[in-house]
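What follows is a single structure, and I will ask about it in a moment.
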Amino acid sequence: MNKSLKQKEKWYWIVVAAIELVLFISSSMTYKQQTSVPFLERHLGSSKPMLGFFNQIGFNYGGKFQSIKNDGYYNFVEFFIRKGAHFGTYFLLGLFLCLALYTYFYKNNFLKIFVSWMAATGLAAFDEFHQGLTGGRSPLVVDVILDSFGALVAILITVLVVFLIKKHNKKRHPFSMEY
């Protein structure tokens, strides 16, 4: 393995550790410490953008029916922000785990995908468990599924992009040995 690749791998692991630190701190906070409802109330005021659209939406999530009627406008909007944060954070975690593990499973895409995904899923389960130890928070299996899906999407995109880059480089430099 060349030195440049080893240096990048080190940075990928640092980003993975930083994401995990942020997740650990976040799941240590109570809902009251984390809520964005007061911020939304202050900055959106009575304008309530997309109220008509959101009024038409209702669904079950984690054993609770989510809707504006049940939760109110600001809590409903916050729900989407929080679930987007779940998906997005684990998307980034999956991306950087896949890149960090890339050199370990250089030629085996199945292992690259599987190990990265299972590691992210395990971390999501641990994070929900840790959240359950925090007052005012409730761990949800459906959040682990959402987190796991975010990681899997990133991992699959990463493997596809790396494959396409290698294929492109191979066409440009057919006799080179390093891809």
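The values are calculated or read from the model by the stated rules, or taken from the named source; none is laboratory data. None of the values given here were measured: they were computed from a predicted structure. Glycine also receives a Cβ, built like all others from the backbone with ideal geometry; neighbour counts cover every protein chain displayed. The area values use the complete protein model at the heavy-atom level, side chains included, leaving out ligands, DNA and RNA. Shrake-Rupley method; radii C 1.70, N 1.55, O 1.52, S 1.80 Å.
So if I check each of F126, F105, which one is part of a loop (DSSP other than H, G, I, E, B), closer than 25 Å to V16 by Cβ and open to solvent by 30 Å² or more (accessible area, probe 1.4 Å)? Give the steps one after another, and end with the answer.
On the way: F126 fails: part of a loop (DSSP other than H, G, I, E, B).
So the residue among F126, F105 that is part of a loop (DSSP other than H, G, I, E, B), closer than 25 Å to V16 by Cβ and open to solvent by 30 Å² or more (accessible area, probe 1.4 Å) is F105.
Need the failing condition index for I145 against (1) closer than 22 Å to Q7 by Cα; (2) open to solvent by 60 Å² or more (accessible area, probe 1.4 Å), just the number.
Single failed check for I145: (1).
Next up: Could you please find all residues in the range 69-116 being in contact with a Leu (Cβ under 7 Å, 6 or more places away or on another chain) and of a type in the set (D, E)?
E78
Would you mention how many residues in the range 62-99 are among the hydroxyl-bearing types (S, T, Y) and within 26 Å of S116 (Cα to Cα)?
Restricting attention to the range 62-99, the residues satisfying the condition of being among the hydroxyl-bearing types (S, T, Y) are 67, 73-74, 89-90.
Pick out the ones that are also within 26 Å of S116 (Cα to Cα) and you get 89-90.
Looking only at that region, the number is 2.
Determine which member of the set A151, A120, A124 is under 21 Å from G63 (Cα atoms) and in contact with a Ser or Thr (Cβ under 9 Å, 6 or more places away or on another chain). Write out each step before concluding.
Values: A151 fails: under 21 Å from G63 (Cα atoms); A120 fails: under 21 Å from G63 (Cα atoms).
Within the list A151, A120, A124, the selection yields A124.
Also: For the range 1-60, how many residues meet the condition of being open to solvent by less than 80 Å² (accessible area, probe 1.4 Å) and charged (D, E, K, R)?
3
Results for (1) small (G, A, S); (2) under 25 Å from A124 (Cα atoms); (3) under 18 Å from the mean Cα position of the chain (by Cα), shown as yes or no for each residue.
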position: V22; (1), (2), (3): no, yes, yes
position: S28; (1), (2), (3): yes, yes, yes
position: S36; (1), (2), (3): yes, yes, no
position: K64; (1), (2), (3): no, yes, no
position: D71; (1), (2), (3): no, no, no
position: F76; (1), (2), (3): no, yes, no
position: R82; (1), (2), (3): no, yes, yes
position: T89; (1), (2), (3): no, yes, yes
position: L93; (1), (2), (3): no, yes, yes
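Using the structure shown, decide if K83 is basic (K, R), in a helix (DSSP H, G or I) and surrounded by fewer than 16 Cβ atoms within 10 Å (Cβ to Cβ).
Details: basic (K, R): yes; in a helix (DSSP H, G or I): yes; surrounded by fewer than 16 Cβ atoms within 10 Å (Cβ to Cβ): no.
It is false that K83 is basic (K, R), in a helix (DSSP H, G or I) and surrounded by fewer than 16 Cβ atoms within 10 Å (Cβ to Cβ).
Residue by residue, here is whether (1) under 15 Å from the mean Cα position of the chain (by Cα); (2) not acidic (D, E) holds:
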residue	(1), (2)
Y61	no, yes
L111	no, yes
E128	yes, no
V142	yes, yes
V153	yes, yes
V159	no, yes
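Since D71 meets every condition but one in (1) among the charged types (D, E, K, R); (2) open to solvent by 90 Å² or more (accessible area, probe 1.4 Å); (3) free of Cβ contacts under 8 Å to residues at least 24 places away in the same chain, which condition does it not meet?
(2)
Ok, one more. How many residues are at pLDDT 90 or above and either in a loop (DSSP other than H, G, I, E, B) or not hydrophobic (A, V, I, L, M, F, W, C) (or both) when one looks only at the range 1-26?
So the first thing to find is which residues in the range 1-26 are at pLDDT 90 or above, and the list is 11-26.
Then keep just the ones that are either in a loop (DSSP other than H, G, I, E, B) or not hydrophobic (A, V, I, L, M, F, W, C) (or both); that gives 12, 20, 26.
Total meeting the criteria: 3.
Listed here are the residues, each with its yes/no results for (1) among the small types (G, A, S); (2) in a helix (DSSP H, G or I).
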{"position": "S46", "(1), (2)": "yes, no"}
{"position": "G52", "(1), (2)": "yes, yes"}
{"position": "F59", "(1), (2)": "no, no"}
{"position": "N70", "(1), (2)": "no, yes"}
